[in-house]
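First comes the structure, then the notes that go with it.
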Amino acid sequence: MSELITRTQVAIIGGGPAGLLLGQLLHRAGIDAVILERQSADHVLSRIRAGVLEPGTVELLDQAGVGARLHAEGLSHSGFELAFDGMSHRIDLQALTGQHVTVYGQTEVTRDLMDARSRAGLPTVYLASDVRLEGIESDSPIVRYVRDGQSHALRCDYVAGCDGFHGVSRASIPASVLRSFERVYPFGWLGVLCDTPPVSHELIYANHPRGFALCSMRSVTRSRYYVQCDLDEKLEDWPDERFFDELRSRLDPRAAATLITGPSIEKSIAPLRSFVCEPMRHGALFLAGDAAHIVPPTGAKGLNLAAADIRLLARGLIERYRHGSTTGIDDYSRRCLERVWKAVRFSWWMTTLMHRFPDSGGFGQRVQEAELSYLVSSAAASGALAENYVGLPFED
Ligand code: RFL
Ligand code: PHB
């Protein structure tokens, strides 16, 4: 069968939040894009991931015209709890920074973007297999893929690699050009989603001798809980009852006493990793989101960083098509990486502060306790935590 050839301005690989948001911002600026996604739309929506949006991410979703449901249903959180040593301490984001975060699931952000895309009749190719990038060092790249057994060639000006950590885009950059930086943590997060009211109206991050625990939520009737676990744990060894017993044992007594449990509707284990690749652009290919960097979820930064990349990439591409200027896209990698590294540092720091490390020893343990105690007793230290948690400012 012969290959079908089509053309677009920007080929977007990956229909997760980064790819969908880029597609929406480009569409509003009159720039054509096609999204190629390996999975089905239902599969993309079934992945339970992020829950906390920085104000800058909310603002960008508003600019993309997809903020209505987020504002109606998202929960505004002006603080969170840090629990350790049997006590809980509130970090007052509003008082420390004048800002709040919004609890609204990544699934809902993705759904809003998918709905906007289909309302506008924009092309997303789901179940696109064998995606290959060719000619990214030229000014006429081609993305080849197969759909329903038919081979396709998508000609374009630029390729946006928004295909996550395991995608093809980063792997298409020659190894001689790419530098990567990585830290793999010796534990994972076991997460449970359930239709029960959250244990507290704000998030609780708990450091406990048995390991880290996090009480989060998706709404006032849906809770999301995590416990630190070993990397070799198996889901089948964690029936709901064992999970909730473990969670309860890691919470402060007041929270433990009020925890309402119910059957899990999702349960998964995620390994924790920090990863950055440099540069985030090679020729006509731009990497964005998890394709370029991964942070451990402790600081709630992953989705927000993906949105921050897209903010700069969309702006650079719009400048290029409207005014013929390549300044924005030429500066893309440098500007992204400057802020990415600060979020990588914060996520690493918060992970180190809140988890039990198998090899930290007595000294490491005492230093962690001293840091937690300092953090909640010093306005300067709490301020630094809060400032990073709500998201560092964009320099423009
Ligand atoms: P995604 O979401 O991984 O989407 C990439 C898409 O690309 C597709 N794909 C391909 N398509 C075509 N061809 C190929 N060869 C392809 N290979 C892959 C995939 O199917 C997928 O649909 O990346 P994106 O868009 O960059 O978004 C990043 C976020 O998903 C991620 O950073 C966050 O979920 C991280 N994260 C959190 N971030 C926050 O900002 N706040 C949080 O509270 C937060 N909590 C979390 C998290 C991630 C977690 N896990 C599971 C790692 C909590 C957890 C537990
Ligand atoms: C979540 O709700 O899934 C969540 C919230 C905060 C985090 C990580 C994950 O730091």
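The values are calculated or read from the model by the stated rules, or taken from the named source; none is laboratory data. This one's a predicted model, so the numbers in the text were calculated from it and none came from an experiment. When we count neighbours, we look across all protein chains shown, and the Cβ atoms used for this are built from the backbone with ideal geometry, even at glycine. Just the protein is used for accessible areas: all its heavy atoms, side chains included, with ligands, DNA and RNA removed. Shrake-Rupley method; radii C 1.70, N 1.55, O 1.52, S 1.80 Å.
What to note about this one:
- Rel. contact order, % - alpha carbon contacts under 8 angstrom, at least six apart, the range 159-290: 40
- Förster-model FRET efficiency, 22 Å R0, Ser377 and Trp349, C-beta, rounded to 0.05: 0.80
- Pairwise label distance in nanometres, Tyr126 with Asp245, each label 7 Å out on the Cα-Cβ vector: 4.0
- Cross-link partners for Lys234 among the lysines, with Cα-Cα distance under 25 Å and sequence neighbours closer than 8 places in the same chain left out: Lys267.
- By the helix-only formula, in which each DSSP H run with n ≥ 4 contributes -39500 (n - 2.57) and the sum is divided by residues, the chain has a 222 nm mean residue ellipticity of -11500 deg cm²/dmol.
- Straightening the chain between His323 and His166 buys 53.1 nm, computed as 0.36 nm per residue apart minus the Cα-Cα spacing.
- Rough spin-label spacing in nm, given labels placed 7 Å along Cα→Cβ, for Asp232 and Ser138: 5.1
- Each principal axis of the Cα atoms in the chain has its own extent, and those three values, largest first, are 65, 42, 41 angstrom.
- For the range 109-155, the alpha-carbon radius of gyration amounts to 1.41 times the rule-of-thumb value 2.2 N^0.38 Å expected for a compact globular protein.
- The chain, accessible surface, carbon-and-sulfur percent (1.4 angstrom probe): 52
- For the chain, modelled as a GNM whose springs connect Cα atoms under 10 angstrom apart, the maximal fluctuation among Gly364, Gly167, Gly328 occurs at Gly364.
- Top of Gly211, Gly262, Gly14 by mean-square fluctuation, Gaussian network on the chain, Cα under 10 Å: Gly262
- Heavy atoms of Arg242 accessible to a 1.4 Å probe, total area in Å² rounded to 10: 100
- Reachable lysines from Lys342, criterion Cα separation under 20 angstrom, eight or more residues apart if same chain: Lys301
- Computed from phi, the 3J(HN,Hα) profile of the range 184-193 under the Karplus parametrisation 6.51, -1.76, 1.60 (θ = phi - 60°) reads 9, 8, x, 6, x, 10, 9, x, 10, 10 Hz, with x in place of Gly and Pro.
- Estimated from the Cβ-Cβ distance and a Förster radius of 22 angstrom, the FRET efficiency linking Asp330 and Glu395 is about 0.85.
- Beta bridges assigned by DSSP with both partners in the chain are antiparallel in approximately 70 percent of cases.
- Extended-chain gain in nm, criterion 0.36 nm per residue less alpha-carbon gap, Arg155 and Arg119: 10.5 nm
- Scanning residues 5 or more positions from Arg281 or on other chains, those with amide H under 5 Å from its amide H are Leu287, with H placed 1.01 Å from N in the peptide plane.
- In order through the range 74-87: 3J(HN,Hα) via Karplus (6.51 cos²θ - 1.76 cosθ + 1.60), integer Hz, x for Gly, Pro: x, 9, 8, 10, 9, x, 8, 9, 10, 10, 6, 6, x, 10
- Using the Cβ-Cβ distance between Met87 and Gln9 with R0 = 51 Å, the FRET efficiency computed as 1/(1 + (r/R0)^6) comes to roughly 0.35.
- Taken as Cα centroids, the range 20-83 and the range 156-222 sit 15 Å apart, rounded to the nearest whole angstrom.
- Probe 1.4 Å, protein heavy atoms only - accessible area per residue of the chain in square angstrom: 43
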